[in-house]
DNA sequence: CTGAAAGCGCTAACAG
DNA sequence: CTGTTAGCGCTTTCAG
């Protein structure tokens, strides 16, 4: 046709072949004579032909689109995760489709089920599961399409999963803080869980808490509820930072009688109040002061993620407490901004590129076995036909990165 | 059919109506008897029917998907922009599809042209144009689908555009710094452009430079190449910060003969070196020192964006220069992390929610007029048929936000 | 208010 | 190696 976008038929006519041959030629399928292929490609180029993926998808049932579901875009962790996944998917000739749930489990469930795109458009899905209810019947939810869970921490995953080195990583972080001389270390990331119950930890932050606890006990240091604060994002971190600062202030008051008020956040004078450096061997804990704030001379904070760590540093600064001079802080994740904040942030850097590779490998394997859109109709290109691959599982690596926030003051 | 996913026909059969009636009922079209609609909805629910968007798109030529193209995900600005656009699009019942170009103009052009999804799948596109070559034949590039350019700053846009308050905003930032008592203010964001040539500024950063320059001249302060540094991201910002710090150090040496070396970044002792506060009326500039570094006692830095501002603060800290004690720093954009960094960042906060509203309004208007997929075949639901809407244009608002990085030290 | 017919553009399956 | 046939699931069009 002369008007509108050129179709495959137009290309075929132009090249003097059938639509089918044109299709095969364009897709680089074997079994097309070179001269024929050349004719077709020339025709396509001349007409500026662009395949109609909509039609292609309808017929073939494949879209080559991988659905990525994360909590939000505007967070240092998720923006990095998204970028890593996106890059890996693109580099394999697939297309990423990214959706955010704004931390709503309902939205996540919707994204996997009711959303019509999910229902029939995507070849596979990658879900960062934190915050999703435990043990949802996930394999059912998404209609049997390939699904990879990130950091879901289920004991017996029913679907493919890539996990973070939660326990080992946080243990390493805490050990490092102890090696740096810290003795009163706050933990930020999860509400307090008694040591005994830590065995049942089923989510990322609880596992990190378990790792931190283990390192404390190994070192003969106490683990109790006065040192544990909730905190998964910067706001929580600020709140935790304030609470930690108040305990430090209480300890200072108890110690030497010198008092000082908190600075004001937006117009404050952070940086002018000068306290004595209290790091080192002071271990005076839990001295109840008159205003009920436990007096603890914290000298370190072990955070469950970098996002919260930034908040902790901010919250401490609101009280004129400096990192690393007064308190050392370590995060977890290794987000990009940790390299250029002031102080730069020591962290457990996880390998998100590796995570992306694992996750996409898992999906691609299932796609190639034909486990797309519910039917495991093996297209005959695989060895053991009909059987569905059992869920696989991987854990990514980590690296302790030392930056200013835990630097020894010389 | 009993096996496979239920189709519209299955629903129609179950409800005892024709597929067409089922379709109309499900889409909430007027002219379906309530009892009939109820029957259809019940049938759909019973069968767990999910529309096949692929088929729907093929037939109707509409996808309700809006394509968003940005430079990258893992940057404080783009992650916030993406989130704002995504939210606005979702709230209107449309679906965002986000793509990153990694700052490659080729990738951006590809996203708009060769990419088969762009060709036929998307109903409209939103492109953050910074870095794209000037005056590309954009309207042609995307085949006539609705396209909105963000911050493209073309004098005569050929397509819809939403711009940032670049010149006014940066002018306000600089005026504020001057009002705070700064007299030697560095500008970070764009290579130096002589005052006369600033009239031709055609991109966001050049316009911001123009605004900063105007404020300087208004205040009777000089504007020359010793005070202007390139910098659009944190790395550039760090480099600029180092250069600025070196000039400050040179000035200090020239002033009082006291020297100090730079701290080391990863293991350094930032925060221990204590210099005199040099803010205030010192205006000794351009004193050439022996090692060729101009001696300038900078007391303020006006940055073209927050991302670079973080880098500047970091770069200054590498030399033991503190913000805001020694130098005040202001950014531009109002990224989320500026609220929780230490120091928190003063900035020109732009209204990205407003931007998202404007952009989506423009797209939706064109979609509803039928300007989708090249054909402006007016579906009769609009007033003036056939005519194509002329390009529209909007500029978003801003707000000066004072935080710690420009706080007066009392 | 409801239904029948036709076909969007492509590709799986098979036939030559 | 190439072509023919049929139809994916929906919606536009037009007739009841």
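Bear in mind that the values in this text are calculations on the coordinates, not laboratory data. Worth saying up front: this structure is predicted, and the values here are computed from it rather than measured. Quick reminder, even Gly has a Cβ in these numbers, built from the backbone with ideal geometry, and neighbours come from all protein chains shown.
Taking each residue in B:71-77, count the Cβ atoms of any other chain within 10 Å of its Cβ, then average. What number comes out? Let's see the in-between values first.
Working: counts 0, 5, 13, 15, 4, 5, 1.
Whole-number average of other-chain Cβ neighbours for B:71-77 is 6.
Taking the Cβ-Cβ separation of residue B:36 and residue A:156 as r and a Förster radius of 51 Å, what is the calculated FRET efficiency to the nearest 0.05?
Efficiency, rounded to the nearest 0.05: 0.60.
Grab the Cα-Cα distance for residue A:235 and residue A:192, subtract it from 0.36 nm times how many residues apart they are, and report the gain in nm with one decimal.
13.6 nm
Report the gain in length on full extension from residue B:394 to residue B:102: 0.36 nm times residue separation, minus Cα-Cα distance, nm rounded to one decimal. Show your work: numbers first, answer last.
Numbers: separation 292, 0.36 × 292 = 105.12 nm, distance 2.63 nm.
Additional length available on full extension: 102.5 nm.
Chain B: which residue's Cβ hugs the B-to-A rotation axis most tightly, distance rounded to whole Å?
Residue of B nearest the axis onto A, distance in Å: B:79, 2.
If each label sits 7 angstrom from Cα along the C-beta direction, how far apart, in nm, is residue B:388 from its counterparts in the other copies?
5.0
Within the range B:100-128, which residues have the backbone N less than 13 Å from the label spot 7 Å out from residue B:59 along Cα→beta-carbon, could you tell me?
none
Taking the simple approach of a point 7 Å from Cα along Cα-to-Cβ for both residue B:48 and residue B:113, what is their distance in nm?
4.6 nm
Beta carbons within 10 angstrom, averaged per residue: use that to sort the peptides A:239-248, B:220-229, highest first.
A:239-248, B:220-229
One decimal, nm, shortest first: give the distances between the label point of residue B:192 and those of the same position in the other copies, each label point 7 Å from Cα along Cα→Cβ.
Values, ascending and in nm: 6.1.
Output, in nm with one decimal and in ascending order, the distances from the residue A:59 label point to the matching label points of the other copies (7 Å from Cα along Cα-to-Cβ).
Here residue A:59 shows inter-copy label distances of 1.9 nm.
Please work out the FRET efficiency for the pair residue B:254 and residue A:20, using the Cβ-Cβ distance as r and a Förster radius of 51 Å; give the result to the nearest 0.05.
The calculated FRET efficiency here is 0.05.
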